[in-house]
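The values are calculated or read from the model by the stated rules, or taken from the named source; none is laboratory data. Quick caveat: nothing in here was measured; it's all calculated off a predicted structure. Cβ sites come from the backbone with ideal geometry, for glycine too, and all protein chains shown count toward neighbours.
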Amino acid sequence: MPQPVSYRGMTLLVPDNDSEWAEYFAHARAHTLMMRACTACGLMRYPPTHACPWCMDLGWRWQEVSGRGTIHSYEIVAHAIQPGFKELTPYPVVLVELDEQRGRPTPDEALRIIANLVKDDLSPEAEARVAIGARVKVVFQDLADHFALPQFTLGGEPPVGRVWRLGG
Amino acid sequence: MSHLRDKYCIVGVGETEYSRGSNRSTRAMAVEAVRKAILDAGLTAADVDGMMDYQSGDSTLAPHVAPDLGIRLNFYMDVVGGGSSTEALVGLAMGAIEAGMCRTVAIYRSMNGYSEFRIGGTGARAAQPVRGLDLAQVPFGMRSAGQNFALTFMRHMYDYGTTSEQVAHVKVAHSKHASQNPKALLKERVTVQDVVGSRWIVKPLHLLDCCLETDNATCIIVTSAERARNCRQRPVYIMGVAGRVSKPRLDFHWAHGPISRVAGYYAKDIVFGQAGIGPDDVHVTGSYDAFTFTTMLQLEEYGFCKKGEGGAYVSSGVIELGGRRPNNTAGGHLCEGYTHGMSMVIENVRQLRGRVDDYCPGAAEGQHTYDYSVGRCRQVKDAEITMNLGWAMPPLGSALIMRR
């Protein structure tokens, strides 16, 4: 069994029998963002799960995505619950909609992923730069030999659609 | 229309003190709440033969509560869950009785939600290893209920132009109601400015947008309408119930948008269909207020206003005592105390009985002044139909329609 990962006072546990997450985070450690894709219908899904939520097929393969996307929603944590996050406040949590598979298979569905919006040094991005509609790209925060967290930074691309931030 | 409409009743309700330091076990509190509900119904221990409860490893289960009161059970079920459980368990109790498994069911929730297992996720809960689905969010500092829901609230502001000031009116209304409630933890009335001026917890939530972690136990007793006629209180009839209705992708609901849609979208036709009524027929609502936003989101999703107009609805005065359709007249989770939904059903039962426990001198006899100034009355005049909108998460909800 891989060693548990210690991060900000938390113990991140991926047992051997949880191959979905173990392989996902191992790919992240190799700095690739991989989604599980159904070998029957071709649709990708996140989080990595055992069956296809659209056609129930059990066949799957890992498929790399670009790691580029748009902030679909966000929040700014001012009062941290986990002790290890207190020194990071205020920090943004973002819901990123990946470019691949937007609006499929139904108009409001998408590959969406939760992460922190960070600067190049992986510290929290400034609140004034976080907005719905902002473009982002994936970066990887290495935590162990077998484990990295996908995070996101502002991509430097022009925003998509309406840009909005609370109080902005 | 459901073939069970009006065939089951809530006949007894009870609760302990709401506190932030009970100094008692969840067993002791559960026993007190169940006993009070039995006495409220005019029943004895021998009349209660079913028991259900919900918890998340933070409470005492039915096998250790029933015997304390001398109750022998023909049926019990300990359920894992939180806010969406209350109404769902009422429906399950009806089913158990309908199936002939038992005759009368006591449903309770007992928790030291402040002094022992904090609902907000701090303390013992925060120290647990992160595994499974939690890996999709907890490593990013997203752990508490507020942090879980804030993405939904923020997107609603983006989609519909909802403002902090609009939803602050939910707290304002519930604080007004709590000022009429001797049991409430927070009896002070607050203003919109108090809410939006309070410190940020997780944007877009201020401190006063959030409910109160509380120590308490609560109990509701369900039985058939036939038996209800022999109980002490005026029967309150169950017209319709929906339990733990979910959005698609309950594992990771953000994958299936619009994310500003909540489970009431799917639950409303079930519960209104059973009851044979619509939103306009409801006199009092109990829309779960874990946060100001949750009350607003559910009211609009169940059709009390158009989708997206919840901000305007909750800030219009409609949801306050004296308004057209008051919500959470005891003060709710924001002001009375946090009970995982039970207190909101209890309050609506008392509203339908005309026996709300406010400051009116004749309250116990049903004599109310309908004076809604501070420290007076919170009885809604001639309340005939109430509706509870239970919430656990954006993609999960329950609902209950009752009449007198």
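Quick check: is even one residue across the range B:84-100 within 22 Å of the chain's Cα centre (by Cα) and farther than 23 Å from residue B:237 by Cβ?
No, the range B:84-100 contains no residue that is within 22 Å of the chain's Cα centre (by Cα) and farther than 23 Å from residue B:237 by Cβ.
Limited to the range B:228-287, what total is found for residues that are within 23 Å of residue A:54 (Cβ to Cβ) and assigned to a loop (DSSP other than H, G, I, E, B)?
So the count comes out to 13.
Would you point out the residue of the range A:28-68, among those that are touching a strand residue (DSSP E or B) at 6+ places or on another chain (Cβ under 7 Å) and on the phi > 0 side of the Ramachandran plot, that is surrounded by the fewest Cβ atoms within 10 Å (Cβ to Cβ)?
A:31
Could you go through the range A:84-96 and let me know if any residue there is more than 29 Å from residue B:157 (Cα to Cα) and either in contact with a Phe, Trp or Tyr (Cβ under 9 Å, 6 or more places away or on another chain) or crowded, with 18+ Cβ neighbours inside 10 Å (or both).
Initial filter on the range A:84-96 (more than 29 Å from residue B:157 (Cα to Cα)): A:84.
Applying the additional criterion that residues be either in contact with a Phe, Trp or Tyr (Cβ under 9 Å, 6 or more places away or on another chain) or crowded, with 18+ Cβ neighbours inside 10 Å (or both) yields A:84.
Yes, some residue in the range A:84-96 is more than 29 Å from residue B:157 (Cα to Cα) and either in contact with a Phe, Trp or Tyr (Cβ under 9 Å, 6 or more places away or on another chain) or crowded, with 18+ Cβ neighbours inside 10 Å (or both).
Where in the range A:2-79 are there strands (runs of 3 or more DSSP E), lying fully within it, with 3 or more residues that are more than 9 Å from chain B (Cβ to nearest Cβ) and of a type outside the set (Asp, Glu)? Give the derivation first.
Details: elements: A:5-7, A:10-12, A:34-38, A:60-64, A:68-77.
Because the criterion is at least 3 residues that are more than 9 Å from chain B (Cβ to nearest Cβ) and of a type outside the set (Asp, Glu), the strands (runs of 3 or more DSSP E) in the range A:2-79 that meet it are A:34-38, A:60-64, A:68-77.
Find all pairs meeting these conditions: Cβ atoms under 6 angstrom apart; at least six residues apart or on different chains; first residue within the range B:29-45 and outside any helix (DSSP H, G or I); second residue of a type in the set (A, V, I, L, M, F, W, C).
Listed pairs, sorted by first residue: B:42/B:231.
For residue B:146, are the conditions met, namely being within 14 Å of chain A (Cβ to nearest Cβ) and on the phi < 0 side of the Ramachandran plot? Please lay out each step first, then the result.
Numbers: within 14 Å of chain A (Cβ to nearest Cβ): yes; on the phi < 0 side of the Ramachandran plot: yes.
Yes: the conditions hold for residue B:146.
Within the range B:98-110, is even one residue under 19 Å from residue B:340 (Cα atoms) and touching a His at 6+ places or on another chain (Cβ under 7 Å)?
yes
For the range B:189-214, give me the residue count where each residue is more than 14 Å from chain A (Cβ to nearest Cβ) and of a type in the set (D, E, K, R).
Taking the range B:189-214 as the starting set, the residues that turn out to be more than 14 Å from chain A (Cβ to nearest Cβ) are B:189-195, B:211-212, B:214.
Narrowing further to those that are of a type in the set (D, E, K, R): B:189, B:194.
Residues in the range B:189-214 being more than 14 Å from chain A (Cβ to nearest Cβ) and of a type in the set (D, E, K, R): 2 in total.
Scan the range A:103-129 for residues that are within 16 Å of residue B:259 (Cβ to Cβ), more than 15 Å from the chain's Cα centre (by Cα) and buried (at least 17 other Cβ atoms within 10 Å of the Cβ) and jot them down.
Scanning the range A:103-129 gives a single hit, A:109.
I'd like the full set of residues that are touching a strand residue (DSSP E or B) at 6+ places or on another chain (Cβ under 6 Å), among the hydrophobic types (A, V, I, L, M, F, W, C) and over 26 Å from residue B:120 (Cα atoms), limited to the range B:52-86.
B:66, B:73, B:75
Taking residue B:124 as meeting all but one of (1) at pLDDT 90 or above; (2) surrounded by fewer than 22 Cβ atoms within 10 Å (Cβ to Cβ); (3) part of a helix (DSSP H, G or I), write down the number of the exception.
(1)
Let's see how each residue does on (1) aromatic (Phe, Trp, Tyr); (2) at the interface with chain A (Cβ under 10 Å from one of its Cβ atoms):
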position	(1), (2)
B:115	no, no
B:121	no, yes
B:127	no, yes
B:132	no, yes
B:137	no, yes
B:140	yes, yes
B:158	yes, yes
B:164	no, yes
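In the range B:171-193, how many are closer than 16 Å to residue B:377 by Cβ and either of a type in the set (A, V, I, L, M, F, W, C) or without any contact (Cβ under 8 Å) to a residue 40 or more places away in the chain (or both)?
So the answer is 3.
Take the residues of the range A:106-119 that are out of contact with any Leu (no Cβ under 6 Å at 6 or more places or on another chain) and assigned to a loop (DSSP other than H, G, I, E, B): which is farthest from the other protein chains (Cβ to nearest Cβ)?
That would be A:119.
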